[in-house]
Every structure is written in C-alpha cells, then in structure tokens.
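Input: a single structure, listed below in structure tokens.
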Amino acid sequence: MPTPTNATADCAVAAPSDQSPFNGLWIALVTPFKDGAVDHPALSALTARLRADGVSGFVACGSTGEAAALDKAEQLQVLHTVLEAAQGLPVVMGVSGYHQGEVLAQVRALAELPLAGILVSAPPYIRPSQEGLLHWFRAIADASTVPVVLYDIPYRTGATLTTETLLALATHPRIQAVKDCGGNTSKTQALIADGRLQVLTGEDAQIFNTLALGGTGAISACAHWQAPRFVELMDWMRAGNLPEARRVWQALQPWVEACFAEPNPAPLKAVLAQAGWMRNELRAPMMPASKALEQRLRVTLGAPTENSSR
C-alpha cells in the first residue's frame with residue numbers, strides 16, 4: 001500500500017486518537033471446530049496469520065466466536081490459545097450471561113490474565129430497565145481489573161441502551177469503550193461527540209461511516225478475509241484521505257454484503273474453509289452456509305486459496 005498522505009482540507013475526516021487502546025481494526029475471532037471439538041491448532045494459526053496482517057487486536061469468545069455454544073472451560077482454553085498466538089497484541093475477552101453472580105465470578109476469574117479488556121453485553125432475554133442496565137454494567141466494571149468495552153447489540157439481547165445510559169456509564173473509570181451495534185446514528189454521533197467512550201463499530205457495513213464520524217475503529221468479523229485491505233482502509237481514514245478510503249471501501253462492499261447474507265459466522269467459515277484455514281464446521285443450532293451461498297461466495301471472491309487474502 002502507498003504511504004497515506006494528508007488529504008486536502010475538503011477531504012479531511014476526524015482521525016481516531018492513538019492514545020486510546022481501543023482503536024484501529026480488531027478481529028472478532030471465529031472459533032474453529034474439528035469433529036465437534038475446538039480446533040486449537042487452526043485457531044492459533046488463524047490468529048498468527050491475522051497478527052502478521054497488521055490488525056490492532058483480537059476479541060475472543062464473542063458472538064462470531066460462537067461463545068454461546070462453548071462451555072466455560074472451552075472459553076478459557078480458547079482465550080489461552082489466542083493470548084499465546086497474539087504474541088503481545090491486545091486481546092479482549094467476551095463475557096456474557098444473564099445470571100449476575102455467575103458473570104461476576106467469570107469476570108473475577110479473568111483477573112490474572114493479561115487482557116486488554118472484557119467485552120460485556122446486556123443480559124439477554126431479561127430486558128431490564130435502564131436503571132437495571134446501569135446496575136448490571138457498573139457491578140461488572142467494579143469487579144473487573146481491566147477496562148470494560150460495552151457491547152450495545154439490542155437485536156441479540158433484547159435490551160436497548162439509551163444514549164443517556166451510555167453517557168452515565170462513561171463516568172465509570174473502567175468503562176472505556178463501546179462496540180456499537182445499536183443501529184442508531186444519532187446515538188453513535190452523540191457518543192463520539194462526548195468523547196469519553198471510544199466508539200468502535202461492531203456492524204461491518206458501518207465501518208466507513210463510523211470512522212468518518214470520528215469513531216476510533218471497528219471490531220470486525222469480515223476482516224478475517226482480506227484483512228490487509230481493511231487495515232489499509234483504516235490507514236487512509238486516519239490520514240484523512242477520504243477519496244482513497246472510499247476506493248478501498250467500495251471494493252470491499254461485495255464481501256461485506258456476502259459475509260452477512262446468512263447468519264454469522266456461517267458465510268465467513270465457508271470462505272475460510274475454502275481457503276484451507278479450518279473446517280467448515282459450526283455448533284448446532286448454527287448451520288453451515290447453504291450451497292447456494294457457498295457458490296455466490298466463490299463467484300464474489302474468486303476461488304479462495306491459501307494466499308488469496310493477502
């Protein structure tokens with residue numbers, strides 16, 4: 001990639017602060033499986049490959065990682081594999097559940113590990129009030145020894161975090177960032193304008209828009225594939241070169257759309273399996289991508305090979 005140069009004033013966009021640990025391109029890692037068990041060699045190789053591609057960090061055991069289908073022992077084993085393969089790149093651990101005592105115990109159990117933070121969503125199914133959500137996240141932040149990234153994803157949890165609630169949570173010293181899947185542009189803009197929470201989009205289709213608004217980065221599933229192009233996009237945006245960033249983003253659009261044509265991570269795992277990086281295996285009730293989508297992916301991306309993402 002050419003070295004990004006400063007754009008002219010009419011192309012300038014807000015650049016994310018390099019002072020925040022939560023900026024740039026983070027990968028929401030898939031969890032490879034082999035004959036029903038976690039495939040740790042494939043996970044280690046995947047993490048190492050992406051580390052070499054210049055990503056900023058990793059999220060283990062998020063929704064893309066099928067964490068809900070892993071028991072607690074498996075989640076910790078996945079985390080240890082990622083930490084070892086990351087070789088010093090920051091790692092955030094996904095933490096979820098609806099039993100507060102069990103979630104707090106999980107958070108305390110992570111205290112001795114070299115984590116950059118924990119990613120925490122609202123408790124699913126319960127749909128607490130805003131006061132209940134304040135209590136939930138503050139209790140978790142009090143128990144944590146590392147920064148907390150709020151995971152605002154109402155279509156999975158059934159609970160919507162209002163702008164006022166998010167801004168109230170920003171006063172807690174360990175709540176430092178938000179993975180924004182809320183689908184509310186006004187809320188995204190308000191959080192960025194407030195400046196206390198680092199805003200990383202968790203919706204891949206919104207990466208360009210959120211960065212242009214001044215967000216600090218993305219926690220992406222799609223960027224497993226063509227990771228260097230996503231890194232290039234971030235570099236152009238940071239340099240304020242909107243035309244070059246737009247060129248890269250437009251080229252990535254067919255992949256971003258195809259990646260979510262069926263429930264995540266089925267399309268993504270199909271592509272990674274086609275490249276020989278892992279088996280095309282998910283845990284029930286998640287199902288592999290349909291044959292029609294697999295064919296669409298081959299046409300959209302070309303026949304993936306071991307080297308075609310670079």
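Tally time: how many residues in the stretch 156-211 are without any contact (Cβ under 8 Å) to a residue 60 or more places away in the chain and within 19 Å of V92 (Cβ to Cβ)?
Adding up the residues that qualify gives 22.
Across the stretch 91-111, what is the total count of residues that are closer than 15 Å to A67 by Cα, among the polar types (S, T, N, Q) and assigned to a helix (DSSP H, G or I)?
Of the residues in that region, 1 qualify.
Residues checked against (1) among the charged types (D, E, K, R); (2) buried (at least 17 other Cβ atoms within 10 Å of the Cβ); (3) on the phi < 0 side of the Ramachandran plot; (4) out of contact with any Leu (no Cβ under 8 Å at 6 or more places or on another chain):
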site: I140; (1), (2), (3), (4): no, yes, yes, no
site: A143; (1), (2), (3), (4): no, yes, yes, no
site: V149; (1), (2), (3), (4): no, yes, yes, no
site: Y155; (1), (2), (3), (4): no, no, yes, yes
site: G158; (1), (2), (3), (4): no, no, no, yes
site: L169; (1), (2), (3), (4): no, yes, yes, no
site: I175; (1), (2), (3), (4): no, yes, yes, no
site: D180; (1), (2), (3), (4): yes, yes, yes, no
site: G183; (1), (2), (3), (4): no, no, no, yes
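Determine which single condition A139 fails, assuming it passes every other condition in (1) in a helix (DSSP H, G or I); (2) in contact with a helix residue (DSSP H, G or I) (Cβ under 6 Å, 6 or more places away or on another chain).
Just one mismatch for A139, condition (2).
Is it the case, given these coordinates, that P41 is touching a Pro at 6+ places or on another chain (Cβ under 7 Å) and either without any contact (Cβ under 8 Å) to a residue 40 or more places away in the chain or closer than 23 Å to V178 by Cβ (or both)?
no
So if I check each of Q75, Q106, Q87, which one is within 24 Å of A48 (Cα to Cα), in contact with a Lys or Arg (Cβ under 9 Å, 6 or more places away or on another chain) and either surrounded by fewer than 20 Cβ atoms within 10 Å (Cβ to Cβ) or without any contact (Cβ under 8 Å) to a residue 60 or more places away in the chain (or both)?
So the residue among Q75, Q106, Q87 that is within 24 Å of A48 (Cα to Cα), in contact with a Lys or Arg (Cβ under 9 Å, 6 or more places away or on another chain) and either surrounded by fewer than 20 Cβ atoms within 10 Å (Cβ to Cβ) or without any contact (Cβ under 8 Å) to a residue 60 or more places away in the chain (or both) is Q87.
Could we say that V120 is surrounded by 22 or more Cβ atoms within 10 Å (Cβ to Cβ), not polar (S, T, N, Q) and not in a loop (DSSP other than H, G, I, E, B) here?
Spelling it out, V120 is indeed surrounded by 22 or more Cβ atoms within 10 Å (Cβ to Cβ), not polar (S, T, N, Q) and not in a loop (DSSP other than H, G, I, E, B).
Go through L268, L233 for me and flag whichever is more than 23 Å from T216 (Cα to Cα), assigned to a helix (DSSP H, G or I), of a type in the set (A, V, I, L, M, F, W, C) and modelled with pLDDT of 95 or more.
Testing whether each residue is more than 23 Å from T216 (Cα to Cα), assigned to a helix (DSSP H, G or I), of a type in the set (A, V, I, L, M, F, W, C) and modelled with pLDDT of 95 or more leaves just L268.
Given the criteria farther than 23 Å from A42 by Cβ, modelled with pLDDT under 95 and assigned to a helix (DSSP H, G or I), does R296 qualify?
yes
I'd like the residue in the stretch 202-224 that is within 22 Å of P267 (Cβ to Cβ) and among the aliphatic types (A, V, I, L, M) and, out of all such residues, is nearest to the chain's Cα centre (by Cα).
Restricting to residues being within 22 Å of P267 (Cβ to Cβ) and among the aliphatic types (A, V, I, L, M), the top hit is I219.
The values are calculated or read from the model by the stated rules, or taken from the named source; none is laboratory data. Just so it is clear, the structure is predicted and the values come from calculations on it, not from any experiment. Cβ sites come from the backbone with ideal geometry, for glycine too, and all protein chains shown count toward neighbours.
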